[in-house]
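Structure first, commentary second.
The values are calculated or read from the model by the stated rules, or taken from the named source; none is laboratory data. Given the structure is predicted, the values throughout are model-derived calculations rather than measurements. Glycine also receives a Cβ, built like all others from the backbone with ideal geometry; neighbour counts cover every protein chain displayed. Accessible surface areas use protein heavy atoms only, side chains included; no ligands, DNA or RNA. Shrake-Rupley method; radii C 1.70, N 1.55, O 1.52, S 1.80 Å.
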Amino acid sequence: KAQSNPAAAATAAAKAGNAAGGVEEPLGAEKKFRTPSENFGEPPYALNPPEILAAHLKATGGKVVTRFPPEPNGYLHIGHAKAMHMNFGFARRNGGQTILRYDDTNPEAEEEEFFDAIDREVRWLGHSYCAKTYSSEHFAK
């Protein structure tokens, strides 16, 4: 039987997800993410062995670190702006930092103009990054 109330249908879908092992949360509720030092425990949370968690906390100082990885093969679009808002915004709200990591894995389509435009547009949208890295730096690894 189809439900005519969209909110009731969404609630039913959320409860069905809970029956499949999901976490039941009220619709529209703000999610509280764990801090990096709390990144252990029972599913659905990430499970990190103590030695990996300790190495992560040592490297990050316990701060949130996100990344924004655009491909420098064109200009940014509205989807990039949304991803920027999520990555930079989440880090900012949690006292963390964001890395601008160019996903430069397709040299035939990349131009210096796009690298420059991405950097300029990230700053134009009010974001600042702690480091700029390139995927190609890891090709040899």
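Hey, does the range 85-102 have a residue that's charged (D, E, K, R), outside any loop (DSSP other than H, G, I, E, B), modelled with pLDDT under 95 and under 20 Å from THR35 (Cα atoms)? Yes: the range 85-102 contains one or more residues that are charged (D, E, K, R), outside any loop (DSSP other than H, G, I, E, B), modelled with pLDDT under 95 and under 20 Å from THR35 (Cα atoms).
Set side by side, the residues ALA54, ALA59, ALA12 differ, and just one is among the aliphatic types (A, V, I, L, M), at pLDDT below 95 and closer than 16 Å to CYS130 by Cα, which is ALA59. Scanning the range 119-136 for residues that are in contact with an Asp or Glu (Cβ under 9 Å, 6 or more places away or on another chain) and part of a helix (DSSP H, G or I), we see that the one that is farthest from LYS82 (Cα to Cα) is SER136.
Scanning the range 48-84 for residues that are in contact with a His (Cβ under 8 Å, 6 or more places away or on another chain) and part of a loop (DSSP other than H, G, I, E, B) yields ASN48, PRO70. Scanning the range 116-141 for residues that are under 12 Å from PRO69 (Cβ atoms) and touching a Lys or Arg at 6+ places or on another chain (Cβ under 8 Å) turns up LYS132, THR133, TYR134, SER135.
What do you reckon, is ALA117 open to solvent by less than 50 Å² (accessible area, probe 1.4 Å) and in contact with a Leu (Cβ under 8 Å, 6 or more places away or on another chain)? Taking the combined requirement at face value, the residue satisfies it.
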